[in-house]
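Novice: First the structure, which I've put down as structure tokens, then a few questions once you've had a look.
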């Protein structure tokens, strides 16, 4: 019986090792597919690796008009109100737009995508920090913390209640040093949108404001409610095409914040 027991243990161990080898192979395959599909690179941090996709807004002709409209706030300071002076009084390069995508509404659920947009002196740039699997959340958040410290103002939509507390909770969970003064540096577009348009629009959700204030309607967009399960499906299947609508949805959210800031001054 002893010999039989030892033999079973050897079989169990070899089976477990084979499963781990196969799992590692699938992870590497998923990572490679993401790198082929999206422009960017793997970033190495003290917490591990994640994928950073970088793009110019000039690649998206449909984004030119909203972003040009936003840049107009720096040309007419006499019309500034609704707190926009916090943005217009600074060098445009000092403000960072931020939007996150999560696997749930509770901060117990991981963040898998952090979208950033900023003006680099020549045009707008996007950085999308993507966790290709759940193990990449910590390195992604470490990098995010470093980037947040490089800007004077953080522009969000509902960030004061959702994005920023969520980020801080997830950073604390992973033992990542928390950035200082996030709330003090936050300009929340939702707060000022409610002040100006509440009672004049159906509601103050971002896509409602896009349609009723900016006159834009998203075509073929993935509903926010489907994003968590779609990401989970990507994790299970490795089908990178599932990420495309999520990545684009995230970019449009960033651009819409900029256009709404300009609309506040109309």
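Novice: How many residues does segment 242-255 hold that are closer than 17 Å to residue 29 by Cβ and touching a residue at least 24 places away in the same chain (Cβ under 8 Å)?
Specialist: Matching residues across segment 242-255 total 1.
Novice: Considering each residue of segment 93-109, count those that are over 26 Å from residue 229 (Cβ atoms) and out of contact with any helix residue (DSSP H, G or I) (no Cβ under 6 Å at 6 or more places or on another chain), and give that number.
Specialist: Number of matching residues: 3.
Novice: Just one of 173, 187, 192, 231 is more than 23 Å from residue 97 (Cβ to Cβ) and either within 17 Å of the chain's Cα centre (by Cα) or at pLDDT 95 or above (or both); which is it?
Specialist: Working: 187 fails: more than 23 Å from residue 97 (Cβ to Cβ); 192 fails: more than 23 Å from residue 97 (Cβ to Cβ); 231 fails: more than 23 Å from residue 97 (Cβ to Cβ).
Every option except 173 fails the conditions.
Novice: Which one of 209, 168, 178, 182 is surrounded by 14 or more Cβ atoms within 10 Å (Cβ to Cβ) and either touching a strand residue (DSSP E or B) at 6+ places or on another chain (Cβ under 6 Å) or not in a helix (DSSP H, G or I) (or both)? Steps first, answer last, please.
Specialist: Working: 209 fails: either touching a strand residue (DSSP E or B) at 6+ places or on another chain (Cβ under 6 Å) or not in a helix (DSSP H, G or I) (or both); 168 fails: either touching a strand residue (DSSP E or B) at 6+ places or on another chain (Cβ under 6 Å) or not in a helix (DSSP H, G or I) (or both); 178 fails: surrounded by 14 or more Cβ atoms within 10 Å (Cβ to Cβ).
Criteria check complete, one pass: 182.
Novice: While we're on this one: Would you point out the residue of segment 212-233, among those that are part of a helix (DSSP H, G or I) and free of Cβ contacts under 8 Å to residues at least 60 places away in the same chain, that is farthest from residue 29 (Cα to Cα)? Full working, then the answer.
Specialist: So the first thing to find is which residues in segment 212-233 are part of a helix (DSSP H, G or I), and the list is 212, 224-233.
From the residues that got through so far, the ones that are free of Cβ contacts under 8 Å to residues at least 60 places away in the same chain too are 212, 224-226, 229-230, 233.
Numbers: 212: 43, 224: 27, 225: 28, 226: 25, 229: 21, 230: 19, 233: 16 Å.
The residue in question is 212.
Novice: Which one of these is surrounded by 20 or more Cβ atoms within 10 Å (Cβ to Cβ), assigned by TED's automatic domain parsing to the domain that holds residue 252, on the phi < 0 side of the Ramachandran plot and touching a strand residue (DSSP E or B) at 6+ places or on another chain (Cβ under 8 Å): 109, 93, 114? Spell out how you get there, then give the answer.
Specialist: Working: 109 fails: surrounded by 20 or more Cβ atoms within 10 Å (Cβ to Cβ); 93 fails: surrounded by 20 or more Cβ atoms within 10 Å (Cβ to Cβ).
One residue alone meets the criteria, 114.
Novice: Collect the residues in segment 185-206 that are farther than 20 Å from residue 164 by Cβ and either part of a helix (DSSP H, G or I) or not assigned by TED's automatic domain parsing to the domain that holds residue 249 (or both), keeping them in residue-number order.
Specialist: Just the residues of segment 185-206 that are farther than 20 Å from residue 164 by Cβ, to begin with: 196-203.
Across segment 185-206, the qualifying residues are 196, 197.
Novice: Same structure, new question: Count, please, the residues in segment 1-53 that happen to be at pLDDT below 60 and assigned by TED's automatic domain parsing to the domain that holds residue 139.
Specialist: 0
Novice: Determine if segment 214-224 includes at least one residue that is closer than 17 Å to residue 189 by Cα, surrounded by fewer than 21 Cβ atoms within 10 Å (Cβ to Cβ) and more than 18 Å from the chain's Cα centre (by Cα).
Specialist: In the first step, residues of segment 214-224 are kept if they are closer than 17 Å to residue 189 by Cα; the result is 214.
Now restrict to residues that are surrounded by fewer than 21 Cβ atoms within 10 Å (Cβ to Cβ): 214.
Now restrict to residues that are more than 18 Å from the chain's Cα centre (by Cα): 214.
Yes, there is a match, as at least one residue in segment 214-224 is closer than 17 Å to residue 189 by Cα, surrounded by fewer than 21 Cβ atoms within 10 Å (Cβ to Cβ) and more than 18 Å from the chain's Cα centre (by Cα).
The values are calculated or read from the model by the stated rules, or taken from the named source; none is laboratory data. Keep in mind that this is a model prediction, so the values were computed, not measured. Cβ atoms come from the backbone with ideal geometry, glycine included; neighbour counts cover every protein chain shown.
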